[in-house]
Amino acid sequence: MPANGNDITSVVIVGGGTAGWMAAAALSKYLADGRRRFTLVESDAIGTVGVGEATIPPIKSFNQMLGIDENAFLRATRGTFKLGIEFRNWGQVGDRYFHPFGAYGQDLHGIAFHQLWLRERARSGAAAGAIGDYSMCTVAAMLGRAARPAPTARSLVSQLAYAYHFDAGLYATFLRTRAEEQGTVRREGTIARVHRDGESGDVTAVELADGSLVAGDLFIDCSGFRGLLIEETLGAGYHDWSHWLPMDRALAVPTANTGSPDPYTRSTAHGAGWQWRIPLQHRTGNGHVFSSSFMERDEATRILLANLEGEVLADPRELRFLTGTRAKTWHHNVIALGLASGFIEPLESTSIHLVQNGIQRLFALFPDKAISPVERDHFNEGMHAAYEDVRDFIILHYKATQRDDTPFWRYVRDMPVPDTLTRRMELWRLHGRVFRDDAELFALPSWVAVMLGQNLWPQRHDPIADTLDPERVAAHMAQMRADYRATAEALPTQEQFLRQAGAWAEDEAAPPAAIPGWSFAAQ
């Protein structure tokens, strides 16, 4: 169908990396109808951040939307499964808890399982077990086991939920191949100048260092923290959240694997921040996120290197950032994605998801040349809400601490937090209740995991839980706990599963073998 005069016919993506190539792969797949051209401008001379190697479950739907075979994706990116995140030293030094992707137990008669567990714990103490004992993801992860969810709801394996660890650079390369096959044109070069319309102020073209112009109707800014278009050119503004999240530095370093990769991310709190551990097929990603207001770089480096497992494969690389979000993610005819749109530290692995969220919103509100302020405002409101949603959940990890061993932990423990989080914490404190809007990213089990894991105990459980017979509930829970353990013990290890599925990189040429009782059909 021929374009009319108001159709967007040229989309220019400024910057590659994960965000740029995610946008290019998605847009060129679904909007390349012969009327539009897609151009991505990047320079090999400009490096990408590329520290985001852990994800959350919605990434699976993005890959599926693009028609990506999961085993091929895992091989190409040296990826592994991730069932959740283990947290160490967050509530108190020595504490350890797990934030699973899946649910806890089974609700009974509409009563949330964690309320039944709180009641049973108050009634029988340690005999109730830990709440993680009732999570398929938690039990499997702590045993180093992994699998795809079973297709039948009668199997407890159906309760497994997972995301991925992968090499972000390899993922960008993987998506680049798909995007170019779908018609995206990559232009190599650094941008020397941005051209704007004299009347509207819209961006009309970017000029490369060689003097050539790349013109467009709509521009996607994936230029990283600098925000070449959205900030340096258009001055969209920035909401600074560093008073709530004072982390502003990260040191990243890879190490050799010391064994089969664990199916989870690990976050270990230190004196003024925390350390990540992300196991891939071919190496382990490590990093130390810290606040320069409370710790010097040399001390942060010393702590990181002293707490590594395996041979160090490169020198630590520093990343600087300011936590917050653009005041306008979509300004004029420029839409910012990824680091150009804002940044919240990778504690819950949300960076890539926020890129995905922005792409989905763009699909829902894809404009004409004459951009509607109503649609643009709706996009901005939605993205700001998405960032605030993540922000509050990340702040919770710091606010919900009993640590007082360093000035940093005393600061975050005592700091005032957003009213939205204060209200949520108070509702939890009274009766362990969690209320959330349908569009929120983190579901009830996530809030339960962090609240309980960091020792925020409700004054009492929800009274509605008292309507069920305690002896019958206790017997049901004991059986449930035993079943989760037995099911997890029967699963293969993460490495066994990936190799047998044909998802392990070095086995790419070998046909998948079978583990008795398990199907390796890609999701």
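The values are calculated or read from the model by the stated rules, or taken from the named source; none is laboratory data. Keep in mind that this is a model prediction, so the values were computed, not measured. Heads up, the Cβs are rebuilt from the backbone with ideal geometry, glycines too, and the neighbour counts pull from every protein chain shown.
Per-structure values
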quantity	calculated
Residue satisfying all of: in region 111-153; of a type in the set (Ser, Thr, Tyr) and over 22 Å from PRO263 (Cα atoms); nearest to the chain's Cα centre (by Cα) among these	THR152
Criterion (free of Cβ contacts under 8 Å to residues at least 24 places away in the same chain and closer than 30 Å to ALA482 by Cβ) met by exactly one of GLY110, GLY102, GLY84	GLY110
Any hit, region 45-58, residues being modelled with pLDDT of 95 or more and either charged (D, E, K, R) or out of contact with any Ser or Thr (no Cβ under 7 Å at 6 or more places or on another chain) (or both)	yes
Matching residues in region 150-189 - criterion: being closer than 22 Å to ASP44 by Cβ and of a type in the set (Gly, Ala, Ser)	ALA168, GLY169, ALA172, ALA179, GLY183, GLY189
Residue selected from region 107-122 under the condition surrounded by fewer than 20 Cβ atoms within 10 Å (Cβ to Cβ) and in contact with a helix residue (DSSP H, G or I) (Cβ under 6 Å, 6 or more places away or on another chain), by the criterion nearest to TYR164 (Cα to Cα)	ASP107
Residues of region 74-124 satisfying the condition of being among the hydroxyl-bearing types (Ser, Thr, Tyr) and outside any loop (DSSP other than H, G, I, E, B)	THR77, THR80, TYR97, SER124
Of residues in region 26-40 being surrounded by 15 or more Cβ atoms within 10 Å (Cβ to Cβ), more than 10 Å from GLN182 (Cα to Cα) and not hydrophobic (A, V, I, L, M, F, W, C), the one modelled with the highest pLDDT	THR39
Every residue from region 298-330 that is in a helix (DSSP H, G or I) and farther than 30 Å from ASP389 by Cα	ASP298, GLU299, THR301, ARG302, ILE303, LEU305, ALA306
Tally of residues being touching a strand residue (DSSP E or B) at 6+ places or on another chain (Cβ under 8 Å), buried (at least 20 other Cβ atoms within 10 Å of the Cβ) and not small (Gly, Ala, Ser) across region 224-248	8
Test for PHE435: is it closer than 17 Å to MET451 by Cα, surrounded by fewer than 21 Cβ atoms within 10 Å (Cβ to Cβ) and within 22 Å of the chain's Cα centre (by Cα)	yes
Qualifying residue in region 274-294 (condition: among the charged types (D, E, K, R), touching a residue at least 12 places away in the same chain (Cβ under 8 Å), in contact with a Lys or Arg (Cβ under 7 Å, 6 or more places away or on another chain) and outside any loop (DSSP other than H, G, I, E, B))	yes
Filter result (over 20 Å from ARG88 (Cβ atoms) and of a type in the set (Val, Ile, Thr)) within region 127-183	THR152, VAL157, THR173, THR177
Residue pairs meeting the criteria (Cβ under 9 Å; at least 6 apart or on separate chains; first at pLDDT below 85, in region 136-158; second buried (at least 19 other Cβ atoms within 10 Å of the Cβ) and assigned to a loop (DSSP other than H, G, I, E, B))	ALA150/LEU160
Residues being among the small types (Gly, Ala, Ser) and more than 24 Å from ALA72 (Cβ to Cβ) - total across region 170-198	3
Scope region 136-166; condition surrounded by fewer than 22 Cβ atoms within 10 Å (Cβ to Cβ), in a loop (DSSP other than H, G, I, E, B) and of a type outside the set (A, V, I, L, M); matching residues	GLY144, ARG148, PRO149, PRO151, THR152, ARG154, SER155
Flag if ARG429 is more than 25 Å from PHE101 (Cβ to Cβ), surrounded by 14 or more Cβ atoms within 10 Å (Cβ to Cβ) and either within 26 Å of the chain's Cα centre (by Cα) or modelled with pLDDT under 95 (or both)	no
Residue count, region 141-155 (criterion: closer than 12 Å to TYR484 by Cα and either of a type in the set (Ser, Thr, Tyr) or in contact with a Ser or Thr (Cβ under 8 Å, 6 or more places away or on another chain) (or both))	1
Failed condition for MET247, given (1) under 23 Å from the mean Cα position of the chain (by Cα); (2) in a strand (DSSP E or B); (3) aliphatic (A, V, I, L, M)	(2)
Yes/no for SER293 being surrounded by fewer than 17 Cβ atoms within 10 Å (Cβ to Cβ) and of a type in the set (Gly, Ala, Ser)	yes
Residues being part of a loop (DSSP other than H, G, I, E, B) and modelled with pLDDT of 95 or more - total across region 483-509	6
Subset of region 461-489 (residues that are farther than 14 Å from TRP117 by Cβ and of a type in the set (Asp, Glu))	ASP469, GLU471, ASP483, GLU489
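Residues are listed down the side, and each one gets a yes or a no for (1) of a type in the set (A, V, I, L, M, F, W, C); (2) surrounded by fewer than 20 Cβ atoms within 10 Å (Cβ to Cβ); (3) in contact with a helix residue (DSSP H, G or I) (Cβ under 6 Å, 6 or more places away or on another chain); (4) assigned to a loop (DSSP other than H, G, I, E, B):
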site: LEU354; (1), (2), (3), (4): yes, no, no, no
site: ASN357; (1), (2), (3), (4): no, no, yes, no
site: VAL374; (1), (2), (3), (4): yes, yes, no, no
site: ASP377; (1), (2), (3), (4): no, yes, no, no
site: THR401; (1), (2), (3), (4): no, no, yes, yes
site: TYR411; (1), (2), (3), (4): no, yes, no, no
site: VAL417; (1), (2), (3), (4): yes, yes, yes, yes
